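K.L.:
Let me begin by handing over the structure; questions about it come next.
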Amino acid sequence: MSIEAEVSKRVYQMRKLHEEFSNGRFEEMNDLYSDDFKGWLYIPSKSKVELYNAEQIKQGNKEAAKSYQGKEIKFIYSGLKIIPQSDVQAAVSYEIIHQYKEKIVRALSLEVWRKELDGNWRMIRWYEEKG
């Protein structure tokens with residue numbers, strides 16, 4: 001399987017797992033983050049960039065699953081681009097639309113995924129700009 005196919009499978013798995021927040025599930029998603037993960041998230045309402053390490057993003061997912069449990073949420077990804085950087089690493093970008101009731105939030109995401117020693121692809125870097 002090509003790098004693009006392997007990584008796109010993980011990206012779309014991540015999208016599906018985000019929707020599982022409505023069922024209170026987050027554990028499987030947390031396995032898609034490397035222990036070396038670093039993430040940056042710009043939130044316009046706070047006008048600042050928040051920094052996350054692996055432990056913080058996993059805790060954030062746990063809190064999001066608790067918050068969204070029982071609620072209908074939807075994530076739509078479009079414009080997926082995957083650029084292999086090596087045999088074990090790829091840069092990824094796409095647009096996300098997060099929908100909850102009538103509220104829609106758009107964002108651009110840039111990620112780097114790495115194939116780790118156990119053969120699984122995990123996210124090592126993430127930068128997201130919300131609209």
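Values quoted throughout were computed directly from the atomic coordinates according to the rules given, and no laboratory measurement underlies them. Please read all numbers here as calculations on a predicted model, not as lab measurements. In this analysis, Cβ positions are derived from the backbone assuming ideal geometry, glycine residues included, and neighbour counts consider all displayed protein chains.
K.L.:
Could you tell me how many of the residues in region 72-93 are touching a helix residue (DSSP H, G or I) at 6+ places or on another chain (Cβ under 7 Å), surrounded by 11 or more Cβ atoms within 10 Å (Cβ to Cβ) and not aliphatic (A, V, I, L, M)? Lay out the reasoning, then the answer.
P.N.:
The initial filter retains those residues of region 72-93 that are touching a helix residue (DSSP H, G or I) at 6+ places or on another chain (Cβ under 7 Å), namely 72-75, 77, 80, 82, 84, 90, 92.
Filter once more, so that each one left must be surrounded by 11 or more Cβ atoms within 10 Å (Cβ to Cβ): 73-75, 77, 80, 82, 84, 90, 92.
Next, from what is left, pick out any that are not aliphatic (A, V, I, L, M): 74-75, 77, 84.
Of the residues in that region, 4 qualify.
K.L.:
If you take the residues of region 47-71 that are under 21 Å from L108 (Cα atoms) and of a type in the set (A, V, I, L, M), which of them is surrounded by the fewest Cβ atoms within 10 Å (Cβ to Cβ)?
P.N.:
Narrowing region 47-71 to residues under 21 Å from L108 (Cα atoms): 47-54, 56-58, 60-61, 64.
Add one more test, that the residue is of a type in the set (A, V, I, L, M), and what stays is 49, 51, 54, 57, 64.
Values: V49: 12, L51: 10, A54: 18, I57: 19, A64: 15.
Applying the filter and picking the extreme gives L51.
K.L.:
In addition: What is the one condition in (1) within 15 Å of the chain's Cα centre (by Cα); (2) surrounded by fewer than 17 Cβ atoms within 10 Å (Cβ to Cβ) that V7 does not satisfy?
P.N.:
Every listed condition holds for V7 apart from (2).
K.L.:
Give A64, A54 a once-over and let me know the one that is aliphatic (A, V, I, L, M) and more than 18 Å from V11 (Cα to Cα).
P.N.:
Numbers: A54 fails: more than 18 Å from V11 (Cα to Cα).
When all the criteria are applied, what remains is A64.
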